[in-house]
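Everything below concerns the one structure shown next.
The values are calculated or read from the model by the stated rules, or taken from the named source; none is laboratory data. Being a predicted model, the structure only gives us computed values, none of them experimental. We place every Cβ from the backbone using ideal geometry, glycine too, and count neighbours over all the protein chains shown. Surface areas here come from the heavy atoms of the whole protein model, side chains and all, with no ligands, DNA or RNA. Shrake-Rupley method; radii C 1.70, N 1.55, O 1.52, S 1.80 Å.
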Amino acid sequence: MMDNLLVTIGVTAFNSEKHIEKCLDSLTSQSIDLKNVEVIVVDDGSTDRTVEVARRVLLESSICHHRVLTQANSGGPAVGRNRILSSALGEFVFFVDVDDYLGSQAIESMYLLALQERADLVIGKYVGVNRGVPKYMFRSTLARTDVGQVSLTDSMTVLKMFRTEFVRSLSLTFNPSISLGEDHPFALGVYANSDRIAVQGDVDCYFQVRHPREEGVNPHLTGRERDATDFFKYVHASFAVLADAEIRGSRIAEIARSAYWNRLLALDIPNRIIRTRGSIEHIEMARSLVGKYGALYSSSSFNDRASLMLLGLNHKSSAHVLEVSRLVRA
């Protein structure tokens, strides 16, 4: 890696001319010495002025190490993130969504925290802008923790700072065929393989934004309702990552499995059943996942909501399962 290049910040963009300038401005105004920072923007076939704006902002900034890469539209961030990961020169790689922005001390505070215990991952405190964000996991700053000690599965995004060589050693990449929940396998791969995770809870690091135009919809996606098999692809991929961690002999792989089941049963699965109004197809898929990936073996560590959802899925009536899902998410 290039001497003194500490962090690569990777941004994937698609038709983002309205927001990319604010995002990049937050990167170019960091308190850390910018000669130690690299910024890579990957544009996914935008038809607006995204590329032009990105190049202008970076050229006018004090960041010497920057690249704006372009590619044909792939329909999601996976291909762009893989390009960022494979070409990053920084000791750490920090994935940032183009709609979001960083607090001015984010990189410096997170990097200095990483140095204390040689963290493989640093999660900076999230601030929600017109949206909710995980809060409990940031109740204190921790130089070293793991998925068994902190509710890391509250956040399954990759909007975090990863030690580049560690991630590469695990052969973690993003699967372009997964259009929803594509972050889960990547984040879970680190959670399941590392007990050197740092949490920066004292500095507002990452501002997650929901713009009014979005209404929670990724602009890459068409908005069509996906069938259960398509929707739950990320779950299969996540359990494959957990299986790989177990093969590697990770001592926390089983802990990560239990934590992930807690999340799926208390959040993802009931939300999906509610959204599809008790779709039999989605209920049957959830039951299949429970059986295939051994939820019962992890049930002793489930919270009350996860336990209730697991019990509810055993009921034959889809109306009953829907009612339990609503109760779990109430």
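Observations on the structure shown:
- Across the stretch 243-259, coupling constants 3J(HN,Hα) worked out from phi with the 6.51/-1.76/1.60 Karplus curve, θ = phi - 60°, read 4, 5, 5, 5, 5, 6, x, 4, 6, 10, 4, 5, 5, 5, 4, 5, 5 Hz, and Gly and Pro carry x.
- If R0 is 22 Å, the Cβ-Cβ spacing of residue 315 and residue 243 corresponds to a FRET efficiency of close to 0.15.
- Cross-link pairs beyond the 29 Å C-alpha cut-off, checked among 22/135; 18/125; 135/316: 135/316
- Helix axis angle, 280-292 relative to the chain longest principal axis, alpha carbon, degrees: 90
- Taking the accessible area of the stretch 232-330, probe 1.4 Å, and keeping the other protein chains in place, the carbon and sulfur fraction comes to 55%.
- Three-way shape label, the stretch 1-89, alpha-carbon gyration tensor, a/c 1.5: oblate
- Using a probe radius of 1.4 angstrom, the carbon and sulfur fraction of the accessible surface of the stretch 106-216 is 45%.
- Solvent exposure of the chain, expressed per residue, is 43 Å² of accessible area, with all protein chains present and a 1.4 angstrom probe.
- Around the amide H of residue 98, modelled in the peptide plane, lie the amide H atoms of 12, all under 5 Å away and 5 or more residues distant in sequence or on another chain.
- Taking 0.36 nm per residue of sequence separation and removing the Cα-Cα distance, the residue 139/residue 180 pair yields an extension gain of 11.9 nm.
- Dipole moment magnitude, nearest 20 debye, the chain about Cα centre, only Lys, Arg, Asp, Glu C-beta charged: 780
- Here the stretch 192-330 is treated with +1 on each Lys and Arg Cβ and -1 on each Asp and Glu Cβ, and its dipole about the Cα centre works out to around 240 debye.
- Axis of helix 78-87 versus longest Cα principal axis of the chain: the two differ by about 50°, to the nearest ten degrees.
- Whole-Å distance, taken between Cα centres, linking the stretch 117-161 and the stretch 291-330: 26
- Rounded to 0.05, the FRET efficiency of the residue 202 and residue 130 pair, given R0 = 22 Å and the Cβ-Cβ distance, is 0.40.
- Helix-only CD estimate at 222 nm, as mean residue ellipticity for the chain, using -39500 (n - 2.57) per DSSP H run (n ≥ 4): -11500 deg cm²/dmol
- Between residue 329 and residue 297, the contour length at 0.36 nm per residue exceeds the Cα-Cα span by 9.2 nm.
- Top positive-direction residue, dipole computed over the stretch 97-163 with Cβ charges, set 133, 116, 155: 116
- Packing around the peptides 81-91, 153-163, 312-322, taken as the average count of other Cβ atoms within 10 Å per residue, puts them in this order, highest first: 153-163, 81-91, 312-322.
- For residue 274 and residue 89, a Förster radius of 41 Å and the Cβ-Cβ distance give a FRET efficiency of 0.40, rounded to the nearest 0.05.
- Distance between modelled label sites at residue 151 and residue 236, nm, 7 Å Cα→Cβ extension: 3.1
- Charge dipole (Cα centre; +1 on Lys/Arg Cβ, -1 on Asp/Glu Cβ; no other charges) of the stretch 1-91 amounts to roughly 140 debye.
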